[in-house]
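Asker: I'd like to ask you about the structure that follows.
The values are calculated or read from the model by the stated rules, or taken from the named source; none is laboratory data. Just so you know, these numbers come straight off a predicted model, no measurement behind them. Virtual Cβ from ideal backbone geometry, glycine too; neighbours counted across all protein chains shown.
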Amino acid sequence: MQLTLEFGGGLELLCESVKIHKVNVDLPDGVDNLNMKHLLSWVRTNLIKERPEMFMKGDTVRPGVLVLVNDCDWELSGQLDTAIEEKDVIVFISTLHGG
Amino acid sequence: MEANGGDSSEIVRELEALKLRKSEIEHRISTLEAKLQETTAAVEPCDAVSNGYSSPSSPAIEHGLEHGLSPDQIYRYSRQLLLPSFGVEAQSSLLKSSVLVIGAGGLGSPALLYLAACGVGRLGIIDHDVVELNNMHRQIIHTEAFIGHPKVKSAAAACRSVNSTIKIDEHVEALRTSNALEILSQYDIIVDATDNPPSRYMISDCCVLLGKPLVSGAALGMEGQLTVYNHNGGPCYRCLFPTPPPTTACQRCSDSGVLGVVPGVIGCLQALETIKLASMVGEPLSERMLLFDALSARVRVVKIRGRSAQCVVCGDNSSFKKQQFKNFDYEDFTQFPLTAGPLNLLPTESRISSKEFKEILQKKERHVLLDVRPSHHYKIVSLPDSLNIPLANLEARINELTSAVKEKEDGHVNTGSFTNPSLYVVCRRGNDSQIAVQYLRESGFDSAKDIIGGLEAWATDVNPSFPTY
Ligand SMILES: [Zn+2]
């Protein structure tokens, strides 16, 4: 499944400072439809190169990270249960505090 | 030479004094002008004639000006009145509105200038900081003459010089749970232009309690974020971020850097959202967030969640009232101290002062100096003969340190002495160096010591001409 994953607000530092990743994600064994839970575990294994605790806490993202599926807050689409489809754009962004 | 040096320092001193007097006089002029404007406007609306405008003196009502704008105001704001989507009604609402900008820094600078210029009726500024030279690249409201003076005084003077006809409130103090309710309650719209998590939670909670819309902006490095909270049933800051992020994820501009124009862009957009709310024009950025990436020149506006029924502050069953707010410890909640003291991880025998290190250099004692700052910091300035291995890479690059120590040993083997060279560790302020020494001692570098206070202490106590940043 072709997906575009983007990291911002400093999260890109966890994946070698690359913000945009065009990736091909295969369905895990025994899974018919990919959801955000599967994708998070894929990201953690395949893209996060350092300090995974800066990206995840338990089986979800750490506090202060917004997840956007096709420019829409994942809270509005079921969080970890959000279904992911071909060509979706998923953005992980850390909230900023500076000024 | 000696005499010349004395002369120039005297000239610099006199220049400083003159600049300060000049800014004070300018401030006084704009205050008096504002006062004059107020008194004449009260007596005879048309008497206060500004540049390029002249009119027969007659009260506004004779022109049938039911919107209440004086001829002066019509002229000053004419380009906004000419906008069909804005017009005289929006301008009239704007002139009746009051806005509080919290923070006169990188975001607050452009926000304040535009809000003053466009004719917000009353503009409050709150900040406890003074203007510093390393603010000037982004905090464009301040001028060099105000370095060392309160940011609020500087910002207020600049706003008055742009528009002497609006009212400006100066709050030279830190916003705290003890004064926030009282100060915020005096304004219609609140602008969060602060730079830290505890302030952001405190301001949002206070806005919920008072029912005020909050225009929130943030910027760091090359990125910015903007949204409007607590507006028309929309979410508050806590609906989005119920749990504060880990402290390690909260970077400060003073540590991570920021390109000046990035908070500038976000601050301008904060002024825009504020103007829209105050004049009741357009669609506010509520339940949406604007994400700005300067490097790739991309702006994306995303849809975010609405108000959460479970929110502990604005939710349906919230028991968060003014009394809870006053007693709430935001620094503890976010684990983000606003006045960060230095770490103290090591026993005294594992540390030396910068003055002691100077003596070691003078005595030419054999040693290795390890600088654990990030490499882009090291490129700005460093002590001579130092080895740079950033703290984050120390474990992976420990071989380089081992061979640097060995080299010093070998160099001395020829003279017949076999004592180990000492190992000193330095960073910017003396925190990371302690973490590094802790790690190094556990890894067999028994002589490792950190230089207390880092390069900042070196600049203060040993070499005042050593650059700080
Ligand atoms: Zn809320």
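Asker: Of all residues in the stretch A:72-99, how many are within 23 Å of A:Gly10 (Cβ to Cβ), of a type in the set (A, V, I, L, M, F, W, C) and more than 7 Å from chain B (Cβ to nearest Cβ)?
Answerer: Matching residues across the stretch A:72-99 total 6.
Asker: Being within 16 Å of the ligand (Cβ to nearest atom), touching a helix residue (DSSP H, G or I) at 6+ places or on another chain (Cβ under 7 Å) and within 13 Å of chain A (Cβ to nearest Cβ) is the filter; apply it to the stretch B:198-214 and report the residue that is farthest from B:Ser286 (Cα to Cα).
Answerer: Selected residue: B:Met202.
Asker: Given the options B:Glu287, B:Glu223, name the one that is within 10 Å of another protein chain (Cβ to nearest Cβ), touching a Lys or Arg at 6+ places or on another chain (Cβ under 8 Å) and at pLDDT 95 or above.
Answerer: Exactly one residue qualifies, and that residue is B:Glu287.
Asker: I would also like to ask the following. Before we move on, is B:Arg79 surrounded by fewer than 17 Cβ atoms within 10 Å (Cβ to Cβ) and over 19 Å from the mean Cα position of the chain (by Cα)?
Answerer: So B:Arg79 fits the description; yes.
Asker: Against the condition polar (S, T, N, Q), touching a helix residue (DSSP H, G or I) at 6+ places or on another chain (Cβ under 9 Å), surrounded by fewer than 16 Cβ atoms within 10 Å (Cβ to Cβ) and more than 7 Å from every other protein chain (Cβ to nearest Cβ), how does A:Thr60 come out, does it pass?
Answerer: yes
Asker: When you go through B:Ala297, B:Ala271, B:Ala309 one by one, which is the residue that is within 16 Å of the ligand (Cβ to nearest atom), more than 10 Å from chain A (Cβ to nearest Cβ) and among the aliphatic types (A, V, I, L, M)?
Answerer: Selected residue: B:Ala309, the only one of B:Ala297, B:Ala271, B:Ala309 that is within 16 Å of the ligand (Cβ to nearest atom), more than 10 Å from chain A (Cβ to nearest Cβ) and among the aliphatic types (A, V, I, L, M).
Asker: Restricting the stretch B:282-294 to residues that are over 23 Å from the mean Cα position of the chain (by Cα) and surrounded by 18 or more Cβ atoms within 10 Å (Cβ to Cβ), which is farthest from the ligand (Cβ to nearest atom)?
Answerer: So the residue we want is B:Pro284.
Asker: Which of the residues belonging to the stretch A:27-71 are of a type in the set (Gly, Ala, Ser) and closer than 18 Å to A:Gly8 by Cα?
Answerer: Of everything in the stretch A:27-71, just one residue is of a type in the set (Gly, Ala, Ser) and closer than 18 Å to A:Gly8 by Cα, namely A:Gly64.
Asker: Scan the stretch B:330-350 and report the pairs whose first residue is of a type in the set (Asp, Glu) and whose second residue is part of a loop (DSSP other than H, G, I, E, B), with Cβ atoms within less than 7 Å and a gap of 6+ or a chain change.
Answerer: Correct list of pairs: B:Glu331/B:Pro337; B:Glu331/B:Leu338.
Asker: Among the residues of the stretch B:227-268, which ones are more than 9 Å from chain A (Cβ to nearest Cβ), within 24 Å of B:Leu113 (Cα to Cα) and among the hydrophobic types (A, V, I, L, M, F, W, C)?
Answerer: Of everything in the stretch B:227-268, those that are more than 9 Å from chain A (Cβ to nearest Cβ), within 24 Å of B:Leu113 (Cα to Cα) and among the hydrophobic types (A, V, I, L, M, F, W, C) turn out to be B:Val228, B:Leu259, B:Val261, B:Val262, B:Val265, B:Cys268.
Asker: I'd like to know if the stretch A:43-50 contains one or more residues that are away from chain B (no Cβ under 14 Å) and in contact (Cβ under 8 Å) with a residue 60 or more places away in the chain.
Answerer: No, every residue in the stretch A:43-50 fails to be away from chain B (no Cβ under 14 Å) and in contact (Cβ under 8 Å) with a residue 60 or more places away in the chain.
Asker: OK, next. Out of B:Gly257, B:Gly233, B:Gly264, I need the residue that is touching a residue at least 12 places away in the same chain (Cβ under 8 Å), away from the ligand (no atom under 16 Å from the Cβ) and at positive phi. Which one?
Answerer: B:Gly257
Asker: For the list (1) more than 14 Å from every other protein chain (Cβ to nearest Cβ); (2) in contact with a strand residue (DSSP E or B) (Cβ under 9 Å, 6 or more places away or on another chain); (3) outside any helix (DSSP H, G or I); (4) surrounded by fewer than 21 Cβ atoms within 10 Å (Cβ to Cβ), I need the number of the one condition that B:Thr177 fails.
Answerer: All conditions are met except number (2).
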